[in-house]
2 protein chains.
Amino acid sequence: MTKALSIFDTTLRDGTQGEGISLSADDKLKIAKKLDDLGVHYIEGGIPGSNNKDIEFFKRIREYKLNAKITAFGSTRRKDSLAESDPNLARIIDSGVSVATLVGKSWDFHVHTALQTSLEENLAMIYDSIAFLKRKGLEVIFDAEHFFDGYKKNPEYALSVMRKAEEAGADWLVMCDTNGGTMPHEVHDIVTVLKGQATSARVGIHTHNDCELAVANAISAVRAGAEQIQGTMNGYGERCGNANLCSVIPNLQLKLGYQVLEDEQLQQLTNTARYISEIANVYMPVNQPYVGSAAFAHKGGIHVSAILRDSRTYEHIAPELVGNRQRVLVSELAGQSNILSKAQQMGIQIDPERESTREVIGRIKELEHEGYQFEGADASLELLLREANGDLKELFVFESFKMLVEKIAGRPVTSEAFVKLKIDGASIFTAAEGNGPVNALDNALRKALITYYPGLQDIHLSDYKVRVLDDKDATASKVRVLIESGSFGNSWSTVGVSGNVIEASWEALVDSLRYALIGQAKREDYVAISSDSRGLVNH
Amino acid sequence: MTKALSIFDTTLRDGTQGEGISLSADDKLKIAKKLDDLGVHYIEGGIPGSNNKDIEFFKRIREYKLNAKITAFGSTRRKDSLAESDPNLARIIDSGVSVATLVGKSWDFHVHTALQTSLEENLAMIYDSIAFLKRKGLEVIFDAEHFFDGYKKNPEYALSVMRKAEEAGADWLVMCDTNGGTMPHEVHDIVTVLKGQATSARVGIHTHNDCELAVANAISAVRAGAEQIQGTMNGYGERCGNANLCSVIPNLQLKLGYQVLEDEQLQQLTNTARYISEIANVYMPVNQPYVGSAAFAHKGGIHVSAILRDSRTYEHIAPELVGNRQRVLVSELAGQSNILSKAQQMGIQIDPERESTREVIGRIKELEHEGYQFEGADASLELLLREANGDLKELFVFESFKMLVEKIAGRPVTSEAFVKLKIDGASIFTAAEGNGPVNALDNALRKALITYYPGLQDIHLSDYKVRVLDDKDATASKVRVLIESGSFGNSWSTVGVSGNVIEASWEALVDSLRYALIGQAKREDYVAISSDSRGLVNH
């Protein structure tokens, strides 16, 4: 199929209505740039005038040369007033966009309950607002809120709303499943009815994920003739979120044969999704379809042995098509074959028959039992495997560390660390301050090592995660610390576990520096995050 | 529709193949009990003999009186051998279950590549294995692996596999979309073909979420005649997971009119999903459909004012039907109307016109800008609002704290805290040890307060979360600490933010104790977690 489909991204508007999502004007500009590189066709930037961030965004985005069209969101004019004097419509025009996305009511219940006006006045509000924006020269996308609920309750009224929008000159009639409660077969049937009625305007779809069906509903609408798909990156959005474009786009392109993006752009999908999750500072579930770190990760023993023969056995697409990659997970479930294939990937030759190999596999299982997780800490795993192989030298002999945090009323909190260790028989004792306890420890440790290992200068901590483990067999619970470190575009992850968060951090810190020094930070383990999205971590 | 549908839960088998999921035998028994209370019809417990945990599970589950049928998973017999002497089939029988779930190949490519045998031998493996288990008196569910991929490549062979399984006496023929790459309309078409061929056996569906369509595909199969749905709680499973039963079940019951569970059981859905996420120690996305904490959370200003008039305006079902509840989120996006309605929910009378109200709203926005998040810390928000209203007394005057962590090679790490404060003019200086720095601080603070406030005796910390915030406008990043505390079945959450994790923890700790003392830990804020699933947190 060569039929053109338009991707309409509303991450910057509907996406920010999700719990825990808040974007500054800078964040919005960075995301818009990234979305444009990906190749989406419309970028909804926000609601002009609703807050300072959106005002700043619409002002500054004009300086960018983007291929995507920027659109501003707003409601139809207020009841019993003129479109020409409506402040919200004026703000859309003032924002300088060439495309307006206008939301109007299509469910009679909402007209009565939320707008508290008559069905006729609602039609007039829609007609007047669209006609006004068209006279001002804008492309107008009409979002019919609650179209499916409205159609099910009062089909004639819902359709009359769309006819009215079309009469007023709307370029797009978009059916919104605002509450996310519609089933895919209903979407198909209702889109088919509307397509039979619409004459000149094209039809779009906007779905929500309240039934975990937003992606299915978007696809169902496309199969019934919709040509614009509204959604968000990673499915961010109010309540359960919007249709996840990271799944909609590859489904359309790789499964249903539409050419939505260039192939090279589609290969940027994983990178784009992760970048936006970093900017939005929202945890990305490892099992997110297509772009998650576990989307092509294999753990079951049968699966692992089969994919080592032929990837197609347990992968529905080649992960590279969306810029992701295959991973084999180490876990007690799969046992030794996974660990051996992981070692192979790392370029470590280990003999499954050797006693030391059996010992290290036993040790890994034991550590996993204690709460270590090597699935997210490849560098710590590699250190264990290399150690077993005898190709690691000891960096230093640890003697002690002390860490002091002090807070006196009215003064800033202070963090100091003291590290005592031996290198080549020489005693070293250092002290350092830091912005937080982990930063202080890191500083003191580097101070101790740097004369002997000057390469450590270029290593920085780029992420620090703490997870409380629920140790069900003991009275004390544990924490797992994951540290991500970087140097010259490489990155690697290490893990530490302890009942004490400081000790766990120390372990992960030491592993990070050991790994850096064996020079094993491989390019392929690096998922690019723009250098400006992460500062130095100081805890 | 009164047609019976069977829910087949494989959380304990396929679910544990997801990244980061590892369940002990105890965990599995707890989850099985909870699933049985929910009312699922089949519980797949694991693979007998694959590891000690599964052996222990099948042994101990026999002592439970459950309504659900327990089933054990295994493959068809090995090639070129006898079912009677197959060790895996023997282990299924030895496990003592009355139902076997047997997986076999239905894609010719897999027969050649993974099994490395002939198409005829694969049919014989299926026939022999099922017939053997039937002779032993077991109910047999035949899982046809990669059925959809197989059908698309070689429909005749895929169907001949199902016919062979039926001839051998299989009770159920289950079509598996093992790689998760099939579209809903394909599922519908292919299930329809199989239904036209199968005579006595009933048909089931097993889907994966690699295209974010597992739930849609399960529903599509049911609409085409499938009567058993296989899936997992919270969608856990290999790669992107399995069909999420927490969405499948309410969709079938509330949207498509099937009576899958009793209404009272459906009301346990949210509780069950959260309980299992706690046991599995896997983060539950706030926006998870139906059961997530944000599934019925409203943030957009227009939405909030409409749902205050009538919940049906922006909710597709009443949240109580699945045991969830409506929440209004406080955020800069929505502004003052959200904060006022939140205050109302908390029973705090604040006058929007008063100067102090405008001040506290400004203060909340400022704190959110600094990284505080009140969406997940209602207790800290309530303290701010009550403070503004003048109905809080000061607990103590803070003077200083000191926190020391020390580790000497070969000895356990130690944590000590020192707290200095004034209560009613009297100086108090305490010292305490702890299993970790936060626990030491908590102990020292309580030691200082307990004589004055004996009620603090019964408060315990039940969860502790640390989130690194990416402060893009400064060189130092910040951490946000969320603490959940509990007392007599109530629970409440507090927040602290600082560049220093110890200071952030202190803030959240102090808020937790302040909140406890105003006696505002309300019953309705408590989502029940069985008391044995969480120990005391010691960091």
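The values are calculated or read from the model by the stated rules, or taken from the named source; none is laboratory data. Computed from a prediction, not measured in an experiment: that's the story for all the values here. Because the Cβ atoms are built from the backbone with ideal geometry, glycine has one as well, and the counts that use them run over all protein chains shown.
A few remarks follow.
- Being farther than 30 Å from B:ASP26 by Cβ and either of a type in the set (Gly, Ala, Ser) or more than 9 Å from chain A (Cβ to nearest Cβ) (or both) is not true of B:ILE249.
- Within segment A:161-209, tally of residues that are surrounded by fewer than 18 Cβ atoms within 10 Å (Cβ to Cβ), among the polar types (S, T, N, Q) and over 10 Å from A:ALA221 (Cα atoms): 3
- Residue in segment B:228-240 that is surrounded by fewer than 24 Cβ atoms within 10 Å (Cβ to Cβ) and among the aromatic types (Phe, Trp, Tyr) present: no
- Check on A:VAL304, touching a Cys at 6+ places or on another chain (Cβ under 6 Å) and hydrophobic (A, V, I, L, M, F, W, C): no
- Residue check, A:PHE374 closer than 28 Å to A:ASP463 by Cβ, surrounded by 16 or more Cβ atoms within 10 Å (Cβ to Cβ), aromatic (Phe, Trp, Tyr) and over 35 Å from the mean Cα position of the chain (by Cα): no
- Output for segment A:42-74, where each listed residue is of a type outside the set (A, V, I, L, M, F, W, C) and in contact (Cβ under 8 Å) with a residue 40 or more places away in the chain: A:TYR42, A:GLU44, A:GLY45, A:PRO48, A:GLY49, A:LYS69, A:THR71
- For segment A:102-120, a tally of residues being under 34 Å from the mean Cα position of the chain (by Cα) and without any contact (Cβ under 8 Å) to a residue 24 or more places away in the chain returns 1.
- Qualifying residue in segment A:253-261 (condition: buried (at least 22 other Cβ atoms within 10 Å of the Cβ), touching a Cys at 6+ places or on another chain (Cβ under 9 Å) and modelled with pLDDT of 95 or more): no
- Test: residue in segment A:77-91 that is touching a residue at least 24 places away in the same chain (Cβ under 8 Å), within 15 Å of A:LEU138 (Cβ to Cβ), outside any loop (DSSP other than H, G, I, E, B) and not assigned by TED's automatic domain parsing to the domain that holds A:PHE132: no
- Among the residues of segment A:434-443, at least one is over 31 Å from the mean Cα position of the chain (by Cα), more than 15 Å from B:VAL405 (Cα to Cα) and surrounded by 17 or more Cβ atoms within 10 Å (Cβ to Cβ).
- The criterion of at least 2 residues that are more than 9 Å from every other protein chain (Cβ to nearest Cβ) and touching a Leu at 6+ places or on another chain (Cβ under 9 Å) is met by the following strands (runs of 3 or more DSSP E) wholly inside segment B:341-459: B:414-423, B:426-434.
- Failed criterion for A:VAL405 (all others in (1) closer than 30 Å to A:GLY425 by Cβ; (2) crowded, with 21+ Cβ neighbours inside 10 Å; (3) in contact with a Pro (Cβ under 9 Å, 6 or more places away or on another chain) hold): (1)
- Looking across segment B:195-234 at every residue that is in contact (Cβ under 8 Å) with a residue 40 or more places away in the chain and part of a helix (DSSP H, G or I), the one that is nearest to the other protein chains (Cβ to nearest Cβ) is identified as B:ASN217.
- Residue in segment A:121-136 that is in contact (Cβ under 8 Å) with a residue 12 or more places away in the chain, surrounded by 17 or more Cβ atoms within 10 Å (Cβ to Cβ), of a type outside the set (A, V, I, L, M, F, W, C) and outside any helix (DSSP H, G or I) present: no
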